[in-house]
Amino acid sequence: MRDDLPEMKSTLYTLSAESGRLLLSPHGTMLRAREFLEAAEFLRLRSDRFSPVGGFLACRAVELSLKAFLRAREPEVALLHTHDLTRLLIEATTRGFDRLVSLSAPERSLLISVSKDYSRHRWAYYDISWSFVDGVMPDPIALGTVTRRIVEALEAVCLNLTLGNGDPLTLPKES
């Protein structure tokens, strides 16, 4: 646990007595997403070329951010075991993601284009077919930029919802 966030320790985990499950809170998941983002950015700064490991870390940051958002908006969401960024993006969009993060068409296309390689772990392990035949090698700067935008936009939302400060996507009731 990070010592620089002592007041947040209670927001990292939630225990459901009914199910007997210990769940990582939306904010706890976002803290992990932030760490993956920082690691991806570190690798991206080392080279102008695409790094499969850096790409994997960036996509993991996107995955965890979307999962945290989905968990915050709908605690019993059933997509927590998928690595399919396209599916997660679609589900997040149906729950208001576009009101928080306005992705351009090229940014959406980028995430969709890397989803298959990422979800099949082709960047995490050396995959000769990916390397020489059919792998997608995205622009590392574009991937880093869209990843940072998603993480930063969803961080505050997940913290607010974890702390019970309300849902920023719920419109106030009209009197």
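Bear in mind these aren't lab numbers, they're just calculated from the coordinates by the rules spelled out. From a predicted model like this one, the values you see are computed outputs, not experimental measurements. Cβ atoms come from the backbone with ideal geometry, glycine included; neighbour counts cover every protein chain shown.
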Can you give the Rg/Rh ratio of region 81-126, where Rg is from the C-alpha atoms and Rh is the Kirkwood radius?
1.03
Per residue convex hull volume, Cα only, region 6-163, in Å³ is 117
Length gained, residue 142-residue 120, 0.36 nm per residue minus C-alpha separation, equals 5.8 nm
Could you tell me the calculated FRET efficiency between residue 160 and residue 132, based on Cβ-Cβ distance and R0 = 41 angstrom, to the nearest 0.05?
0.35
Where the centre of each part is set by its Cα atoms, how far does region 97-157 sit from region 47-65, in angstrom?
7
Would you mind calculating the gained length between residue 100 and residue 153 on full extension (0.36 nm times residue separation, minus the Cα-Cα distance), in nm to one decimal?
18.4 nm
Got the relative contact order for region 6-163 handy, in percent, Cα pairs under 8 Å and 6 or more residues apart?
31
